Amino acid sequence: MMEQRYAQHGEGKDNKEMGECATNEVEELSLMFPGGNMAIKIQQLKRKLQSLEQKGHWWVKKAQQEQSVKEKKDHMEKLEGYGVTAQGPCKAVSEHLQEAQAQYQALEHKYSKAECLIKDYQQETNFLKKKTA
């Protein structure tokens, strides 16, 4: 008879409904056994079950958090790998930039010298023109 009740209550019910059914059955059992020993034992077992369910939820949550930490570490290592991979090209570009800056400075120095030579030449030609005139 009790098995039939469990089967009837268990079909299509969620945990909350199952808990309500169990509470009703505890009340019925306590009426059947006036000494209350059965009801006390059932209450103790219910508390123990709730405690185990809470611990189970804690373990699931802990496992989820550990998985999340592992995924984040893997992602971080992947990003670090990208950084290491990018360092080579960055170093090459930096060296190329330094070479270009050195060439620019050399050309700027030559340009300044050329300007001075042109000024000197123009002054000389102007002086010769005035002298011949």
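From the phi of every residue in the range 108-123, what ³J(HN,Hα) in whole Hz does the Karplus formula 6.51 cos²θ - 1.76 cosθ + 1.60 yield, where θ is phi - 60° and glycine or proline is x?
So the J values, rounded to whole Hz, are 4, 5, 5, 5, 4, 4, 5, 4, 4, 5, 5, 4, 4, 5, 5, 5.
Please report the net charge: other residues with Cβ closer than 12 Å to the Cβ of ALA102, K and R +1, D and E -1.
-3
What ratio of Cα Rg to 2.2 N^0.38 Å holds for the range 33-132?
3.34
Can you check what the net charge comes to around ALA86, using other residues whose Cβ is under 14 Å from the Cβ of ALA86 (Lys, Arg +1; Asp, Glu -1)?
Here the count lands on +1.
LYS131 label point, 7 Å along Cα→Cβ, cut-off 16 Å on backbone N: hits in the range 105-123?
120-123
Given charges of +1 on the Cβ of Lys and Arg and -1 on the Cβ of Asp and Glu, with all other atoms neutral, how large is the dipole of the range 33-132 about its Cα centre, in debye to the nearest 20?
Charge dipole, the range 33-132, about its Cα centre: 780 debye, nearest 20.
Only the coordinates and a few stated rules stand behind these numbers; no lab work does. What you see is a predicted model, and the numbers here were worked out from it, not measured in a lab. A quick note on method: Cβ atoms are made from the backbone with ideal geometry, for glycine too, and the neighbour counts reach across all protein chains shown.
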